[in-house]
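I have placed the structure first, in the form of structure tokens, so that the comments after it can refer back to it.
Laboratory data are not the source of any read-out in this text; all were calculated from the coordinates shown. If you're wondering where the values come from, they're calculated on a predicted model, not measured in any experiment. FYI the Cβ positions are ideal-geometry reconstructions off the backbone, even for glycines, and counts take in every protein chain you see.
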Protein chains: 4
Amino acid sequence: MKAVIVNPKKQGVEVKDVDIKEPLGKRQVRVKSIFTGICGTDRGIVNAKITFTYPPNGYNFLILGHEELGIVEEVGEDVTTLKKGDYVVPVVRRGCGVCLNCKIGRQDFCETGNFVEAGIRGKHGFMREEFVDDELWLVKVPDELKEIAVLTEPLSNVVKAIDELLFVQRRMVWTCEDSTFECRNAFVVGSGPIGTFFSLILTTLGFNVYIINKRDPSPIEEYIAKRLGAEFINSKTETEEKLPNADLIVDTSGVPSAFIPLMNKMKPNSALILFGTVEGEKYEITSDLITAIVEKNIIVMGSVNASKKDFQGALNYLSIWRSRYLDILEKMITSKVPVDKAPEVLISKPKGEIKTVIQW
Amino acid sequence: MKAVIVNPKKQGVEVKDVDIKEPLGKRQVRVKSIFTGICGTDRGIVNAKITFTYPPNGYNFLILGHEELGIVEEVGEDVTTLKKGDYVVPVVRRGCGVCLNCKIGRQDFCETGNFVEAGIRGKHGFMREEFVDDELWLVKVPDELKEIAVLTEPLSNVVKAIDELLFVQRRMVWTCEDSTFECRNAFVVGSGPIGTFFSLILTTLGFNVYIINKRDPSPIEEYIAKRLGAEFINSKTETEEKLPNADLIVDTSGVPSAFIPLMNKMKPNSALILFGTVEGEKYEITSDLITAIVEKNIIVMGSVNASKKDFQGALNYLSIWRSRYLDILEKMITSKVPVDKAPEVLISKPKGEIKTVIQW
Amino acid sequence: MKAVIVNPKKQGVEVKDVDIKEPLGKRQVRVKSIFTGICGTDRGIVNAKITFTYPPNGYNFLILGHEELGIVEEVGEDVTTLKKGDYVVPVVRRGCGVCLNCKIGRQDFCETGNFVEAGIRGKHGFMREEFVDDELWLVKVPDELKEIAVLTEPLSNVVKAIDELLFVQRRMVWTCEDSTFECRNAFVVGSGPIGTFFSLILTTLGFNVYIINKRDPSPIEEYIAKRLGAEFINSKTETEEKLPNADLIVDTSGVPSAFIPLMNKMKPNSALILFGTVEGEKYEITSDLITAIVEKNIIVMGSVNASKKDFQGALNYLSIWRSRYLDILEKMITSKVPVDKAPEVLISKPKGEIKTVIQW
Amino acid sequence: MKAVIVNPKKQGVEVKDVDIKEPLGKRQVRVKSIFTGICGTDRGIVNAKITFTYPPNGYNFLILGHEELGIVEEVGEDVTTLKKGDYVVPVVRRGCGVCLNCKIGRQDFCETGNFVEAGIRGKHGFMREEFVDDELWLVKVPDELKEIAVLTEPLSNVVKAIDELLFVQRRMVWTCEDSTFECRNAFVVGSGPIGTFFSLILTTLGFNVYIINKRDPSPIEEYIAKRLGAEFINSKTETEEKLPNADLIVDTSGVPSAFIPLMNKMKPNSALILFGTVEGEKYEITSDLITAIVEKNIIVMGSVNASKKDFQGALNYLSIWRSRYLDILEKMITSKVPVDKAPEVLISKPKGEIKTVIQW
């Protein structure tokens, strides 16, 4: 079958016929690919900028792809929750089996680091015509979401971060005098797919959202901000006075110079979610910043990956937004390309891209 | 304007022209009624079976109605979050202003009992052509939900109960080996609107749902159970062996003989949510039941009312189900009657009713 | 060595020389007994009233004893946290190894029921001159507690219940306007060792404690109540008016007629902890009680057993009370008997007993 | 009466006779000072390095002192919980009365910043012969702690931080396979009184503690580390290899260069508590550090101040340590000086000081 493969040690990507025998276990499911999304991690692997990638045991190549939507083709004899024709999204990270969080299905909190991730490290990904996977790690997708459910995996990571935030902030009263979050201001730094998901969830939860980037919005970004009732701030040209104080900052950029200057807007009891990662940046912090974090009981929280429950949560959000913001979701998928064009869009990002997906 | 009124001391209900002057405060909103739902509490008041009802100060009558959907007609000069034409649902209970939970907008946990509830105690309800209310206690409804948002208020109470359950059950690991609730069995006792909402939410969260009643399902109930992948059990005719062990029982009946016999199915770490209330029932419990609660770390949790955040949560669930189960929501509103027919449907429940609403 | 043994199928108990070979594993510890406490469960086994008891695999008898204090005699070569001469208390329940709670060391929440408990089911207890156990399940005891640390095990179960209560009650604001529990009234039903531990912990946490029993206090009980600033109420002779409303009721009796009538005193948001178990009692409840649980958001919480962290918590409380209430702790150990007298005090409870311990 | 006063606008401190009339309200208590502790904040005020200090309304001076132990001299007629002769510690911060956290007695999470703090901003402190205060904000001290309870206030702030940490870390499984914290390593940066309290609490909770400073330990510090079974690491002379990976870092220094280099030791799911504040320091961070926080789900948590419940928690810890580590507590109070010597020890720190207190 056709697959998009890389050699983890080298730059480059190709579409190739691979011959992988995957017998169907009793509690396993054979899935045909429908869409596979492309993200920065895929491009990082293709361009040999991500060092932690490696092929599965016994292979000298890695099949890419972790943002998948597929359809069930065949089920093993003991499978009870899925049937031929069901849409599914596979969980990406599989636990180490040793640490306590992996033992309870929370491999997003794996403590040993000995997990594998489909299409990233130690496990073939989903950029191929079909694959076999355990029933346990396939998330059933409601039929009506089939056109947008390729967004489930990236969204799941945002759901996990927000879920954790809301638990952590129960350390005190963080809700408003009417029990909602409507008095709370959130800055979302970055307006790519992850930033957009944060803006969507935070709006849905009642926050006043400010989308911050170092440039003017693209037409789609402007459209999304307007539809959400959010404000798009160009941090290069607009003065800080346009921004209120913040109860929450979410950084999706990874760039310290993008979010640290905003921290002087942080209110008592506020939180900063760190979600983005980049390389090679530096920034000088002062003890005044540390003092502010202390005196204001501020929490800074890194968040990575997601568990199966977060995939289900993501599907619930997609259903909410299918009712409320279907136009936004549709605009987020900026292009669908056939697999033969995959190398092209994997090597460099198409102009105006929010999310590019491969259509199988 | 026309209003549906009762004299809290007597049986009976009438539609009458009332002359209530409600000047519009700066942070207030004038709302025109669109739909008002009818529930057991309304009928209890009309049939003088509910003793805690009383009119607002200075009135000898009470306007009924607490399940409301309206449209904004006029806003006070300092109103910022609503505008003419917005759909809104008002919060029912208003806090005592004294206890700590009311001070933080959680009047559903009022500790003094000195709250008022629109259409129930001490505050006129919404079964009238229009009313004025504080911006703070009006929940904005997404336009696409206008046909079903009259369900928001009853659903909000279910959302609160589930929200609390999920927090409380973090006392240990209650999620399954894949981090979801897919290994968990929930019994929902009762198949009225509240029971149906519990079944919908629990299905959405991944539970295996068993709907239990003392009779066969009506055609609509059968339809709903099937659509949800739930099983409807007639506890009179079907043997207990059809039921697995339970991780959660939700009672919406209030009848001890309906749910206590099921408690011998409760698994370690399970929970029983009590949501229903009736009068005049008795049941004998044994020390064996107490022993089981102790030895199995079981929690029994009464839950009443909802705060504004739960109304927002309810709207989110309505949006999910509008994508996924719109047919169910539409079937739940079994009839829409004009206000002049309100007394008739308030005195006795129409046959086959799940939810009857007044259309203004 | 001498051991106190039972035949789980029959009434009776004897002190016998048993020949159990226990080689010392690398991560194991040989412990010499100092004190072993006696509780209702021991007497239930001896009098063949407890049906769930059974011997370890391959044995036709069970060594009794689960409330142990010992001293380390010898350590395996890989033991790092204990050394000869250290005082230790062993954890009683050992997990099933299969359910998620057991996998993370919370066997007190075992879901399969396939745990073993030393001296109770499937594992020899500690009423013997010495035993070998895993380092992992031995809790180090500070030297200064050696005279009272035999109380650790029963206290650990109370610590677990309170720990869970405090988490669960974060579902709303349960603390007072000064952030403490000083405005909260707790009824403790029962004045045996478990009731006394609840009274001690609740006093330490700031609650106003009412100790309730169906009789007048013994002189020691009167002393303890006074020392704690608690009130002892004879529910047979004193009218209910002496009691305020309750924020918390803890039942240590297991007798429904002892705690259910008190439930009409329960305030909104209050909790009832069920801790006691008996046989053969019945009580009629009404739907009014169910209504009160619903309308007041009441939680009823069964609690059993404890994990190692609770043993450590118990030792911390013992250290607090050694500073503050050493007299109470010393009075709680009402007699120390040599092992040869064990059968006598195991068959029937000595008069005036709070806690009887075997001294080795 | 004699009081230690400052003019918040100027450097300097003096002992003066002040004439403050404090009539005793019905729910108030007159307290005679026994001991008042001195900390860095007091010295910061005296040396005019703390800018946020200001006198109470209507005064041109501020009485210093917030670490107080006093004895009740006289109680108002409605006081119920205190009597003449009781030992008390007053809460330092008093809420704004407006924000939700202050409304529920959690002024340590004040959101407006409009609180006052005795001896620091807007309210006279306790370095005076006597003062009148509300019963509500006086914490009763068990008699047996009178020699060490002057440590309650600084300890309360540590208790709050740890309490919050333990709640926040319930976001995943942070306990070990035996349910304790015995597999967890904590670095405590700084060995002053706050660092020592963190080391004491963390040891009591089962953590393996590493005390880190930029110099060799003083004899007292060496003694304390040994008694706690902790390791004292001189970060200037000892190589990083001596340190294991960290599950928790607590910084009590406020100096970025002291704790940021240690962050490369942080394990997945670990936490960094920021507690210290200084001025004028700078440090360059890299995007690699941000990436590590993200990829490892790390939490950084600022923590300041304490509520009344934390003062009670502090007294409980003092009782534990009075049983277990009384020698440490006694060594921590390195000198007791009469009030006339207060200016001297307020202007500069005595050599070898851990805690200096004024004896009244």
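What to note about this one:
- FRET efficiency for the A:Lys9 to A:Glu330 pair, using the beta carbon distance and R₀ = 51 Å, is estimated at 0.85.
- Averaged over the residues of peptide B:149-158, the number of Cβ atoms from other protein chains lying within 10 Å of each residue's Cβ is 0.
- Close amide H pairs (under 5 Å, H built 1.01 Å from N) link C:Ile233 with C:Ile211, C:Ile212, C:Asn213, residues at least 5 positions away or on another chain.
- For the protein assembly as shown, the direction-averaged projected area of the alpha-carbon convex hull comes to 53.3 nm².
- Phi angles across the stretch A:177-185 convert, under the Karplus curve 6.51 cos²θ - 1.76 cosθ + 1.60 with θ = phi - 60°, into 3J(HN,Hα) values of 5, 9, 6, 9, 9, 5, 8, 9, 9 Hz, Gly and Pro given as x.
- Shielding by partners for peptide D:161-170, expressed as the average number of C-beta atoms from other protein chains within 10 Å of each residue's C-beta, is 3.
- 3J(HN,Hα) couplings calculated from phi for the stretch C:67-73 with the Karplus curve 6.51 cos²θ - 1.76 cosθ + 1.60 (θ = phi - 60°) are, in sequence order, 9, 10, 10, x, 10, 5, 9 Hz; Gly and Pro show x.
- Estimated FRET transfer efficiency (B:Lys83, B:Leu166; beta-carbon r; R0 41 Å; 0.05): 0.75
- Highest-fluctuation residue, C:Leu69, C:Leu205, C:Leu329 considered, GNM on chain C with Cα pairs under 10 Å: C:Leu205
- Taking every alpha-carbon pair under 8 Å whose residues sit at least 6 apart, the stretch B:194-258 reaches a relative contact order of 33 percent.
- Average Cα contact separation per residue, the stretch C:240-360, under 8 Å, 6 or more apart, as relative contact order %: 19
- Mean separation of Cα pairs under 8 Å and 6 or more residues apart, divided by the residue count, gives chain B a relative contact order of 18 percent.
- Among C:Ile71, C:Ile298, C:Ile34: highest mean-square fluctuation, GNM of chain C, C-alpha pairs under 10 Å: C:Ile298
- In this Cβ point-charge picture (+1 for Lys and Arg, -1 for Asp and Glu), the stretch A:192-285 has a dipole of about 140 debye about its Cα centre.
- Rounded FRET efficiency, nearest 0.05, which uses the C-beta distance separating D:Glu238 from D:Asp143 and R0 of 41 Å: 0.40
- With respect to the axis relating copies C and B by rotation, the chain C residue whose beta carbon is closest, plus that distance in Å, is C:Val300, 2.
- Remark: label point of A:Gly25 defined 7 Å out from Cα along the Cα-Cβ vector; separations to the same position in other copies 2.8, 6.3, 6.8 nm, ascending.
- Set D:Lys236/D:Lys282; B:Lys32/B:Lys146; A:Lys103/A:Lys123; D:Lys282/D:Lys349 screened for pairs whose C-alpha atoms are more than 21 Å apart: D:Lys282/D:Lys349
- For B:Tyr223, label point 7 Å along C-beta direction: distances to other copies, nm: 3.7, 7.4, 8.3
- Directionally averaged projected area (chain A, Cα convex hull): 18.6 nm².
- Of the residues D:Ile290, D:Ile320, D:Ile347, the one that moves most in a GNM of chain D with alpha-carbon contacts below 10 Å is D:Ile290.
- Part-to-part distance (alpha-carbon centres) for the stretch A:331-356 and the stretch A:130-170, which is given in Å: 21
- Under Karplus coefficients 6.51, -1.76 and 1.60, residue-wise ³J(HN,Hα) of the stretch B:126-140 in Hz, glycine/proline x: 10, 7, 7, 4, 7, 7, 10, 8, 6, 3, 4, 10, 10, 9, 5
- Kirkwood Rh in Å, taken over the stretch D:173-296 so that all alpha-carbon pairs contribute: 14.9
- Semi-axis lengths, Å, the stretch B:28-87, gyration tensor of Cα atoms, sqrt of 5 times eigenvalues: 29, 15, 8
- For B:Pro338, the label point sits 7 Å beyond Cα toward Cβ; its separations from the matching points on the remaining copies run 6.2, 9.6, 9.8 nm, from shortest to longest.
- Cα centroid separation, the stretch A:242-302 to the stretch B:1-64: 50 Å.
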